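Asks: First the structure, which I've put down as C-alpha coordinates, then a few questions once you've had a look.
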Amino acid sequence: MLHYVNININGADIKAPKGSSVLEVAIEYGICIPHLCHVPGLSDIGACRLCIVENITNGRATITTSCTLKVQEGMIIRTNTDRIKRLRHNIAELLVAEAPNSRAIQDIAVRCGVKEVRYPFRNGDCVLCGRCVRACSEIWHANALGFIGRGKERHVERPLNMREEYCKGCDYCLQLCPMTVPPCDGPMKPGEEYLCGKCESQLMITEDIPESCVWCRLGEGFNCGRYAGLKTVR
Ligand code: SF4
Ligand code: SF4
Ligand code: FES
(Lines give C-alpha, C1' and ligand atoms only; values in the text may rest on other atoms or scores of the structure.)
(Ligands and ions follow the chains in the order given, each with its own letter.)
Protein backbone atom coordinates (compact mmCIF):
# COMPACT_ATOMS: atom_id res chain seq x y z
CA MET A 1 0.00 0.00 0.00
CA LEU A 2 1.27 3.48 -0.89
CA HIS A 3 1.91 5.79 2.06
CA TYR A 4 1.76 9.53 1.62
CA VAL A 5 3.28 12.57 3.31
CA ASN A 6 2.02 16.15 3.19
CA ILE A 7 4.38 18.63 1.60
CA ASN A 8 4.06 22.15 0.26
CA ILE A 9 5.64 23.23 -3.02
CA ASN A 10 5.43 26.92 -3.93
CA GLY A 11 2.40 27.36 -1.67
CA ALA A 12 0.48 24.33 -2.99
CA ASP A 13 -0.38 21.56 -0.50
CA ILE A 14 0.43 18.19 -2.02
CA LYS A 15 0.09 14.57 -0.91
CA ALA A 16 3.35 12.96 -1.99
CA PRO A 17 4.10 9.23 -2.11
CA LYS A 18 6.61 8.33 0.60
CA GLY A 19 9.99 7.45 -0.87
CA SER A 20 9.63 9.71 -3.89
CA SER A 21 11.90 12.66 -4.57
CA VAL A 22 10.78 16.28 -4.55
CA LEU A 23 11.60 16.47 -8.26
CA GLU A 24 9.42 13.46 -9.09
CA VAL A 25 6.50 14.91 -7.15
CA ALA A 26 6.93 18.34 -8.74
CA ILE A 27 6.92 16.83 -12.23
CA GLU A 28 3.86 14.74 -11.40
CA TYR A 29 2.01 17.88 -10.31
CA GLY A 30 3.01 19.97 -13.31
CA ILE A 31 5.60 22.09 -11.53
CA CYS A 32 8.52 22.16 -13.94
CA ILE A 33 11.86 22.18 -12.18
CA PRO A 34 14.53 22.28 -14.90
CA HIS A 35 16.65 19.13 -14.77
CA LEU A 36 19.14 17.27 -16.90
CA CYS A 37 20.72 14.26 -15.24
CA HIS A 38 17.48 12.85 -13.80
CA VAL A 39 15.97 9.98 -15.80
CA PRO A 40 12.72 8.39 -14.53
CA GLY A 41 13.42 4.91 -13.22
CA LEU A 42 17.16 5.40 -12.80
CA SER A 43 18.98 6.33 -9.61
CA ASP A 44 19.69 10.03 -9.07
CA ILE A 45 23.23 11.29 -8.59
CA GLY A 46 22.74 15.06 -8.40
CA ALA A 47 25.30 15.65 -11.15
CA CYS A 48 23.96 18.62 -13.11
CA ARG A 49 22.63 20.63 -10.11
CA LEU A 50 20.00 22.28 -12.34
CA CYS A 51 17.16 20.97 -10.19
CA ILE A 52 18.12 22.96 -7.10
CA VAL A 53 15.33 24.16 -4.78
CA GLU A 54 15.04 25.80 -1.39
CA ASN A 55 14.06 23.43 1.43
CA ILE A 56 12.72 25.60 4.24
CA THR A 57 13.10 24.33 7.81
CA ASN A 58 12.33 26.52 10.84
CA GLY A 59 12.33 29.55 8.56
CA ARG A 60 15.80 28.79 7.19
CA ALA A 61 16.26 27.92 3.53
CA THR A 62 18.76 25.26 2.49
CA ILE A 63 19.60 24.88 -1.19
CA THR A 64 19.67 21.31 -2.39
CA THR A 65 19.11 19.24 -5.53
CA SER A 66 15.48 18.15 -5.68
CA CYS A 67 16.22 14.88 -7.49
CA THR A 68 18.17 13.59 -4.48
CA LEU A 69 15.83 15.07 -1.86
CA LYS A 70 13.25 12.59 -0.54
CA VAL A 71 9.89 13.96 0.56
CA GLN A 72 9.20 14.24 4.29
CA GLU A 73 6.10 15.13 6.29
CA GLY A 74 5.65 18.91 6.57
CA MET A 75 8.35 19.76 4.04
CA ILE A 76 8.22 23.26 2.55
CA ILE A 77 9.84 23.66 -0.87
CA ARG A 78 10.32 26.74 -3.01
CA THR A 79 11.43 26.14 -6.59
CA ASN A 80 11.51 29.63 -8.06
CA THR A 81 12.84 32.16 -5.57
CA ASP A 82 15.10 34.91 -6.84
CA ARG A 83 18.12 33.13 -5.33
CA ILE A 84 17.25 29.84 -7.02
CA LYS A 85 16.59 31.53 -10.36
CA ARG A 86 19.93 33.32 -10.21
CA LEU A 87 21.90 30.18 -9.33
CA ARG A 88 20.07 28.00 -11.84
CA HIS A 89 20.58 30.60 -14.57
CA ASN A 90 24.31 30.47 -13.92
CA ILE A 91 24.42 26.66 -13.92
CA ALA A 92 22.49 26.58 -17.21
CA GLU A 93 24.83 29.15 -18.75
CA LEU A 94 27.86 27.07 -17.78
CA LEU A 95 26.24 23.98 -19.30
CA VAL A 96 25.63 25.78 -22.61
CA ALA A 97 29.21 27.03 -22.61
CA GLU A 98 30.39 23.46 -22.08
CA ALA A 99 28.05 21.97 -24.68
CA PRO A 100 26.71 24.57 -27.16
CA ASN A 101 26.13 21.79 -29.67
CA SER A 102 23.32 20.22 -27.66
CA ARG A 103 19.82 21.46 -28.48
CA ALA A 104 18.61 19.59 -25.39
CA ILE A 105 20.82 21.74 -23.19
CA GLN A 106 19.95 24.91 -25.09
CA ASP A 107 16.25 24.21 -24.45
CA ILE A 108 16.83 23.78 -20.75
CA ALA A 109 18.89 26.97 -20.69
CA VAL A 110 16.01 28.83 -22.34
CA ARG A 111 13.79 27.45 -19.59
CA CYS A 112 16.21 29.00 -17.11
CA GLY A 113 16.01 32.38 -18.85
CA VAL A 114 19.43 32.26 -20.54
CA LYS A 115 19.62 34.68 -23.48
CA GLU A 116 23.39 35.15 -23.64
CA VAL A 117 26.33 33.13 -22.42
CA ARG A 118 29.00 35.05 -20.50
CA TYR A 119 31.46 32.16 -20.38
CA PRO A 120 33.80 31.02 -23.16
CA PHE A 121 32.43 28.15 -25.25
CA ARG A 122 34.28 24.89 -24.79
CA ASN A 123 32.26 22.72 -27.15
CA GLY A 124 33.02 19.55 -25.23
CA ASP A 125 31.43 16.23 -26.06
CA CYS A 126 30.18 15.32 -22.59
CA VAL A 127 28.63 17.21 -19.65
CA LEU A 128 29.15 14.33 -17.20
CA CYS A 129 25.45 13.89 -16.54
CA GLY A 130 25.93 10.15 -16.13
CA ARG A 131 22.69 9.26 -17.91
CA CYS A 132 24.55 6.79 -20.12
CA VAL A 133 26.48 5.16 -17.28
CA ARG A 134 23.38 4.59 -15.15
CA ALA A 135 21.28 3.31 -18.06
CA CYS A 136 24.01 0.86 -18.97
CA SER A 137 24.39 -0.52 -15.46
CA GLU A 138 20.84 -0.18 -14.09
CA ILE A 139 18.72 -1.12 -17.11
CA TRP A 140 21.01 -3.48 -18.99
CA HIS A 141 23.32 -4.56 -16.14
CA ALA A 142 26.11 -4.39 -18.69
CA ASN A 143 28.48 -2.08 -16.76
CA ALA A 144 30.20 -1.32 -20.03
CA LEU A 145 30.56 2.39 -19.16
CA GLY A 146 31.97 4.20 -16.16
CA PHE A 147 33.37 7.50 -14.92
CA ILE A 148 37.14 7.63 -14.98
CA GLY A 149 39.40 10.23 -13.32
CA ARG A 150 38.74 13.22 -11.07
CA GLY A 151 38.22 16.95 -11.49
CA LYS A 152 39.08 18.20 -14.95
CA GLU A 153 40.23 14.73 -15.96
CA ARG A 154 36.85 13.14 -15.21
CA HIS A 155 35.23 11.54 -18.25
CA VAL A 156 33.12 8.59 -19.35
CA GLU A 157 34.91 5.57 -20.70
CA ARG A 158 34.37 1.93 -21.34
CA PRO A 159 36.17 0.23 -18.46
CA LEU A 160 39.42 -1.29 -19.64
CA ASN A 161 38.17 -0.77 -23.20
CA MET A 162 36.27 -4.04 -22.90
CA ARG A 163 33.35 -2.87 -25.06
CA GLU A 164 33.09 -6.05 -27.08
CA GLU A 165 32.81 -8.17 -24.01
CA TYR A 166 30.44 -6.06 -21.89
CA CYS A 167 28.37 -4.00 -24.32
CA LYS A 168 24.98 -5.44 -25.27
CA GLY A 169 24.52 -3.06 -28.20
CA CYS A 170 21.28 -1.62 -26.84
CA ASP A 171 22.16 1.99 -27.81
CA TYR A 172 20.46 3.34 -24.68
CA CYS A 173 23.59 5.31 -23.86
CA LEU A 174 23.21 7.19 -27.16
CA GLN A 175 19.47 7.66 -26.84
CA LEU A 176 19.79 9.18 -23.38
CA CYS A 177 22.78 11.40 -24.10
CA PRO A 178 21.86 15.11 -24.41
CA MET A 179 24.82 15.54 -26.75
CA THR A 180 23.03 13.55 -29.45
CA VAL A 181 20.37 16.26 -29.95
CA PRO A 182 21.99 18.79 -32.34
CA PRO A 183 20.99 22.47 -32.57
CA CYS A 184 18.27 23.37 -35.12
CA ASP A 185 20.86 24.68 -37.61
CA GLY A 186 23.08 21.62 -37.21
CA PRO A 187 26.40 21.15 -35.40
CA MET A 188 28.43 24.33 -34.82
CA LYS A 189 32.12 24.57 -35.61
CA PRO A 190 34.54 25.29 -32.77
CA GLY A 191 34.91 29.06 -32.47
CA GLU A 192 31.54 29.72 -34.13
CA GLU A 193 29.18 28.68 -31.33
CA TYR A 194 26.15 30.84 -30.52
CA LEU A 195 22.63 30.77 -29.08
CA CYS A 196 20.39 31.24 -32.12
CA GLY A 197 17.51 32.82 -30.14
CA LYS A 198 14.83 31.04 -32.17
CA CYS A 199 13.17 29.88 -28.98
CA GLU A 200 11.96 33.35 -28.03
CA SER A 201 8.35 32.21 -27.86
CA GLN A 202 9.42 29.68 -25.25
CA LEU A 203 11.27 32.41 -23.41
CA MET A 204 8.04 34.40 -23.16
CA ILE A 205 6.33 31.37 -21.61
CA THR A 206 9.02 31.01 -18.97
CA GLU A 207 8.83 34.70 -18.09
CA ASP A 208 5.05 34.77 -17.77
CA ILE A 209 4.54 31.40 -16.07
CA PRO A 210 7.64 30.49 -14.05
CA GLU A 211 6.65 26.84 -13.54
CA SER A 212 5.56 26.16 -17.11
CA CYS A 213 7.00 23.40 -19.23
CA VAL A 214 8.71 24.55 -22.45
CA TRP A 215 8.61 21.08 -24.06
CA CYS A 216 12.36 20.92 -24.19
CA ARG A 217 13.97 18.35 -26.46
CA LEU A 218 15.18 16.40 -23.47
CA GLY A 219 11.58 15.82 -22.40
CA GLU A 220 10.34 14.98 -25.88
CA GLY A 221 13.20 12.71 -26.73
CA PHE A 222 13.66 10.99 -23.44
CA ASN A 223 10.11 10.74 -22.06
CA CYS A 224 10.66 12.74 -18.91
CA GLY A 225 6.90 12.64 -18.58
CA ARG A 226 6.74 16.18 -17.34
CA TYR A 227 3.80 17.04 -19.55
CA ALA A 228 1.99 13.71 -19.42
CA GLY A 229 -1.09 13.54 -17.21
CA LEU A 230 -0.37 16.75 -15.35
CA LYS A 231 -2.30 17.40 -12.14
CA THR A 232 -2.56 21.16 -11.86
CA VAL A 233 -2.45 22.40 -8.30
CA ARG A 234 -2.52 26.15 -8.75
S1 SF4 B 1 25.06 0.17 -26.06
FE2 SF4 B 1 26.52 -0.94 -24.73
S3 SF4 B 1 27.57 0.70 -23.60
FE4 SF4 B 1 25.65 1.59 -24.41
S5 SF4 B 1 24.11 1.31 -22.77
FE6 SF4 B 1 23.94 -0.46 -24.17
S7 SF4 B 1 25.23 -2.01 -23.20
FE8 SF4 B 1 25.84 -0.04 -22.31
S1 SF4 C 1 28.30 10.78 -22.67
FE2 SF4 C 1 26.35 11.90 -22.75
S3 SF4 C 1 24.95 10.80 -21.37
FE4 SF4 C 1 27.05 10.14 -20.89
S5 SF4 C 1 27.71 11.47 -19.22
FE6 SF4 C 1 28.41 12.42 -21.12
S7 SF4 C 1 26.77 13.86 -21.72
FE8 SF4 C 1 25.93 12.46 -20.17
S1 FES D 1 18.46 16.53 -12.22
FE2 FES D 1 18.96 16.87 -10.13
S3 FES D 1 21.08 17.31 -10.18
FE4 FES D 1 20.60 16.85 -12.24
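Asks: Across the range 43-69, what is the total count of residues that are in contact with a Gly (Cβ under 8 Å, 6 or more places away or on another chain) and either of a type in the set (Lys, Arg) or surrounded by 24 or more Cβ atoms within 10 Å (Cβ to Cβ) (or both)?
Replies: 1
Asks: If you go through the range 20-37, how many residues are modelled with pLDDT of 95 or more and surrounded by fewer than 21 Cβ atoms within 10 Å (Cβ to Cβ)?
Replies: Number of matching residues: 2.
Asks: Under 8 Å by Cβ, and 6 or more places apart or on different chains, what pairs join a residue from the range 121-145 that is away from ligand 1 (no atom under 14 Å from the Cβ) with one that is aromatic (Phe, Trp, Tyr)?
Replies: Taking only residues 6 or more apart or on different chains, the pairs are Leu128/Phe147.
Asks: Let me ask something else about it. Looking at the range 171-186, which of its residues are surrounded by 10 or more Cβ atoms within 10 Å (Cβ to Cβ) and away from ligand 2 (no atom under 14 Å from the Cβ)?
Replies: Matches in the range 171-186: Pro183, Cys184, Asp185.
Asks: Which ones in the range 68-119 are away from ligand 2 (no atom under 16 Å from the Cβ) and touching a Lys or Arg at 6+ places or on another chain (Cβ under 8 Å)?
Replies: Val71, Ile84, Glu93, Cys112, Gly113
Asks: For Pro40, all conditions in the list (1) surrounded by 15 or more Cβ atoms within 10 Å (Cβ to Cβ); (2) closer than 30 Å to Gly197 by Cα hold save one; what is the number of the exception?
Replies: Only one criterion is unmet by Pro40, namely (1).
Asks: Here's something else I'd like to know. Looking at the range 115-152, which of its residues are part of a helix (DSSP H, G or I) and either surrounded by fewer than 19 Cβ atoms within 10 Å (Cβ to Cβ) or among the hydrophobic types (A, V, I, L, M, F, W, C) (or both)?
Replies: Those that are part of a helix (DSSP H, G or I) and either surrounded by fewer than 19 Cβ atoms within 10 Å (Cβ to Cβ) or among the hydrophobic types (A, V, I, L, M, F, W, C) (or both): Cys132, Val133, Ala135, Cys136, Ser137, Glu138, Ile139, Gly151, Lys152.
Asks: Let me ask something else. Of (1) more than 20 Å from the chain's Cα centre (by Cα); (2) part of a helix (DSSP H, G or I), Met1 satisfies all except one. Which?
Replies: Among (1) more than 20 Å from the chain's Cα centre (by Cα); (2) part of a helix (DSSP H, G or I), the lone unmet condition for Met1 is (2).
Asks: Within the range 144-159, is there a residue that is away from ligand 3 (no atom under 16 Å from the Cβ), over 20 Å from the mean Cα position of the chain (by Cα), closer than 25 Å to Glu192 by Cβ and charged (D, E, K, R)?
Replies: Yes, there is a match, as at least one residue in the range 144-159 is away from ligand 3 (no atom under 16 Å from the Cβ), over 20 Å from the mean Cα position of the chain (by Cα), closer than 25 Å to Glu192 by Cβ and charged (D, E, K, R).
Asks: Scan Ala97, Ala109 and give me the residue that is more than 16 Å from ligand 3 (Cβ to nearest atom) and either crowded, with 23+ Cβ neighbours inside 10 Å or at negative phi (or both).
Replies: Result of the check over Ala97, Ala109: Ala97.
Asks: In the list Ile31, Ile27, which residue meets the criterion of being part of a loop (DSSP other than H, G, I, E, B) and farther than 26 Å from Val156 by Cα?
Replies: Just one listed residue meets the conditions, Ile31.
Asks: Also, I was wondering about something else. Assess whether Ala61 counts as being small (Gly, Ala, Ser) and out of contact with any Asp or Glu (no Cβ under 6 Å at 6 or more places or on another chain).
Replies: no
The values are calculated or read from the model by the stated rules, or taken from the named source; none is laboratory data. Since the structure is predicted, the reported quantities are computational estimates derived from the model, not experimental observations. A quick note on method: Cβ atoms are made from the backbone with ideal geometry, for glycine too, and the neighbour counts reach across all protein chains shown.
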